[in-house]
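Working notes for the structure below.
The values are calculated or read from the model by the stated rules, or taken from the named source; none is laboratory data. Predicted, not measured: the structure shown is a model, and the values here were computed from it. We place every Cβ from the backbone using ideal geometry, glycine too, and count neighbours over all the protein chains shown.
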Amino acid sequence: MIKRSFFTLTKPRLSYDLVEPDPKEPKLIPIPSNLILLLNETVDGTRQALIKQGDAVEKGEKLRLYDDSTEYTISPVTGTLTTIDSYSDNFGSTSTYLVIKNDQGQASQKESITYDLKDDITSADEYLRTLPGAPPLKMLANDDVKISTIVITCADTDLLSTTHQYVTLKFLDEIKEGAQILKRITSVPKLCITVPENLKIQGGFDTIQVFKTSMAYPSNLPAMVLKDHLNIVLPAGQTPEDLGVCFISAEAVVSLARAYKTKSADFEKVMTIIGKQGAQYRVKATIGTPLSKIFKTFSIHINEQDRIIIGGPMKGVATYTPHHPVRPDMDTVILQDRDIIPELSDYPCINCGNCIRICPVNVPVNILVRYLEADQYEEAADKYDLESCIECGLCAYVCTAKIPLYQYIKLGKHELLNLRADV
Ligand code: SF4
Ligand code: SF4
C-alpha cells in the first residue's frame, strides 16, 4: 500500500452553514400509524425467531431475532408487529425490516418501558444503542477496541445541515451532563468537543477540551479533526477507533443524559430537511416514521424521478423510496427536483486535474477511478490509495466530466471489504 504525504495545501472552497442564533422549536411530526425499523441482521429461515408477525410490542421493548443475536432495535410505540421481511441497501447488503402498527395513536401513547440501567458501558449498550443520535455504545463496550479519547461533535459534518448546532444551542446543559455520564461509564480519560468557530455559545464546557473548527468544508470530518486538533494522521485503511478515538454526536450525548435520568429511551429525532427549492425545515420525528409523512406535513410532493438524499450534499446517499424510515443517525434529508438533479455522465475523464487539486489527502482520483470502473479493487487500494480517501466528496463536486467519483469510491471500498472477507 502506498503512503502519500498527507493533506495538501489545497484550500477547500465550500463553507458549512451556521445555525440561526435563536432557533425556533422544530416542527413535531405526528407519530404515524405504522413505523418501520431496520435491524442489522438477516432472518435465518432455518431458525425459530424470537419475534413473529402479530406479536404485541411495548414502547421501549427490545426486539431481536434470536437468543444469540448481538443486534437489536427498540420499539418506539406500543403496538403490533405486522411485518418482518428482508431489506437490501444501496450496496446490496441485507438486513431485516420490521413494521409496527401503532395501536395507541398520539395522545394516549404510554410511557416507555423502564430499564435496569447501571453505571457501566455494558448496561448502556444493552438498552441504549438506538437512541436519537445513535451513540456508538457497541464500539465503546467492545473490549477489543481501546478508546482513550471521546470527541463530542457539535459541528455538523456535511454542508447545509445544522442539526448538531441546533442541539448544542438548545441543550447545552444536557450535553455537559451526558458527557459526565459518558466519562463515568466508559472511564475514557480524555473528552473533547468540536464547536464551529462562528457558533456563539453561552458559557463554557467546564472540563471538556474544546476544539474550535473552521467553517471551511471538510474541517469537521473525523480525519480532519484528528489531524487539525489531535495531531493524529489517520493512516490509509484505518478508522479513528483503530487509533483510540471515538466520535459521538451532541444529540447522542443529550439522549444518554435523558435516558439515565428517566431510565428509559427517547425516540424523537431532530433533523434538518432541505426542500426542493432549498427551504430548510427543522423537524422532530419519531424514529421509524416514513419520510413521506414528513414531506406531507410540509406539503412537499414527491414526483417519480425526484431524488431523496439521506445525509448532506457531499456525503449523502440517495434512497429509492419516500417511505424510508427516520433512523437514529439521520441528521439531514435533501430533496432534489427531477428537473434540477445535477447531471451525471458517462463521459470519460478529460484529465483536467480538478479532482487531484482539491483532494485533501492527495489521492490520484483520476487514475483511481479507472481501476474502480474496471472493478479492480485490490489494485485501486494497493497502487492508487483507495483507502486513503476520507470520503469528503469534493472530487465529485468539482469533476468537469461529472463522473460520480464519490459513488465509485464508496462502492469500491465496500467491494474491497467483501473481497477481503472472502479470503
Ligand atoms: S472523496 Fe475524493 S476528494 Fe475527498 S478524500 Fe476521497 S478522493 Fe479525495
Ligand atoms: S475532475 Fe473528473 S475529468 Fe477532471 S481529472 Fe478528475 S476525474 Fe478526470
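Brief remarks follow.
- Residue satisfying all of: in the stretch 226-247; closer than 23 Å to Arg129 by Cβ and crowded, with 17+ Cβ neighbours inside 10 Å; nearest to the chain's Cα centre (by Cα) among these: Phe247
- Looking across the stretch 248-280, the residues that are at pLDDT 95 or above and surrounded by fewer than 17 Cβ atoms within 10 Å (Cβ to Cβ) come down to Lys261, Thr262, Lys263.
- Highlighted here are the strands (runs of 3 or more DSSP E) found entirely within the stretch 66-158 that include at least 3 residues which are in the same structural domain as Arg47 (by TED's automatic domain parsing) and not hydrophobic (A, V, I, L, M, F, W, C): 79-88, 94-102.
- Meets criteria (surrounded by fewer than 23 Cβ atoms within 10 Å (Cβ to Cβ), within 16 Å of ligand 1 (Cβ to nearest atom), within 19 Å of the chain's Cα centre (by Cα) and not assigned by TED's automatic domain parsing to the domain that holds Pro135) for Ile390: yes
- Matching option when the condition is more than 29 Å from Gln277 (Cα to Cα), within 14 Å of ligand 2 (Cβ to nearest atom) and outside the structural domain of Leu234 (by TED's automatic domain parsing), among Cys399, Cys349, Cys395: Cys349
- Screening Ser299, Ser292 for residues that are without any contact (Cβ under 8 Å) to a residue 12 or more places away in the chain, hydroxyl-bearing (Ser, Thr, Tyr) and out of contact with any helix residue (DSSP H, G or I) (no Cβ under 9 Å at 6 or more places or on another chain) leaves exactly one candidate, Ser299.
- Each residue in the stretch 402-423 was checked for being outside any loop (DSSP other than H, G, I, E, B) and either within 16 Å of ligand 2 (Cβ to nearest atom) or closer than 17 Å to Gly311 by Cβ (or both), and 10 of them qualify.
- The set of residues from the stretch 172-223 being of a type in the set (Phe, Trp, Tyr) and either modelled with pLDDT of 95 or more or under 23 Å from the mean Cα position of the chain (by Cα) (or both) comprises Phe211, Tyr217.
- Single unsatisfied condition, Ala401 versus (1) more than 16 Å from ligand 1 (Cβ to nearest atom); (2) surrounded by 14 or more Cβ atoms within 10 Å (Cβ to Cβ): (1)
- Candidates Pro23, Pro32, Pro12, filtered to the one that is in a loop (DSSP other than H, G, I, E, B) and at pLDDT 95 or above: Pro32
- Reported count of residues in the stretch 352-392, each being within 16 Å of Pro218 (Cα to Cα) and either of a type in the set (A, V, I, L, M) or within 13 Å of ligand 2 (Cβ to nearest atom) (or both), is 8.
- Restricting the stretch 305-363 to residues that are of a type in the set (D, E, K, R) and more than 23 Å from Val167 (Cβ to Cβ), the residue that is nearest to ligand 1 (Cβ to nearest atom) is Arg357.
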